[in-house]
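This report refers to the structure that appears directly beneath it.
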Amino acid sequence: MSNLSLGFLLVGCMTGQPRVSVSQFGALQAKCLDPDPVARLLVYHQMSEKTVQPEVRPQAVELLVNAAATDKNQLARASAVASLSTFNEPVVKTTLITATRDESAMVRQEAAKGLAFYADDKEAVETLGMLATRDKDVDVRRHAVLGLAKAGQAGPREQAAIQLARCVKDSDFTVAQSAAQQLEKRTGRNYGRDYSQWAAFLNIQPDKPSIPSEGPLRPPPLVPVAN
């Protein structure tokens with residue numbers, strides 16, 4: 001529902017926008033101080049890679065990075081994250097990973113969508129795996145599964161497959177079924193939502209049981225030294 005709200009607010013703003021020029025950027029930047037979150041959201045939406053001129057690109061990325069971290073409204077932060085995802089800049093991946101820890105499921109969902117473009121990056125796959133298997137919001141988990149499915153290079157691809165296999169155990173049918181379908185596409189195997197068969201096929205080692213801590217380790221006993 002939260003994603004629907006973001007899409008609803010952006011209806012009519014998706015196409016036909018003029019590219020933001022240097023002369024327009026200042027006025028739009030000033031609107032980021034508007035107390036109305038919808039006004040700020042629409043500014044962030046206008047700052048995507050396809051809607052800014054090349055000379056405005058660095059300022060737009062900086063604005064979006066700041067908005068993703070500091071805007072008080074979840075819809076506005078989600079819009080900033082969504083636009084930032086369209087840029088291919090080093091700071092983008094780092095900001096998206098940070099956004100996966102946002103308190104808002106809407107923001108985490110947009111971050112998962114954006115990280116799909118980095119699915120051949122080990123750190124991005126690890127982050128998507130955590131979202132897919134641990135996030136409490138079903139839509140976030142669903143988009144994280146789709147992001148994992150885009151991993152194509154050796155290494156990240158194998159790690160993504162392991163995370164997808166764990167997702168077939170998801171309590172939500174749509175997440176589990178999506179993970180099973182993605183695994184079938186990449187392996188040709190049809191084990192459905194049977195995790196034990198996927199684990200055997202992918203050679204997934206069982207998680208080691210954690211040993212509860214009993215506090216700090218005691219110092220070793222002193223051994224007398226002969227004179």
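The values are calculated or read from the model by the stated rules, or taken from the named source; none is laboratory data. Remember, it's a predicted structure, so these values are computed and weren't measured experimentally. Positions of Cβ are backbone-derived with ideal geometry, glycine not excepted, and every protein chain shown enters the neighbour counts.
Table for the structure above
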read-out	value
Residues of region 101-121 classified as over 11 Å from residue 77 (Cα atoms), crowded, with 23+ Cβ neighbours inside 10 Å and touching a Lys or Arg at 6+ places or on another chain (Cβ under 7 Å), total	1
Some residue of region 67-89 being modelled with pLDDT under 95, small (Gly, Ala, Ser) and in contact with a helix residue (DSSP H, G or I) (Cβ under 8 Å, 6 or more places away or on another chain)	no
Matching residues in region 28-60 - criterion: being assigned to a helix (DSSP H, G or I) and either crowded, with 21+ Cβ neighbours inside 10 Å or polar (S, T, N, Q) (or both)	29, 40, 41, 43, 44, 46, 51, 59, 60
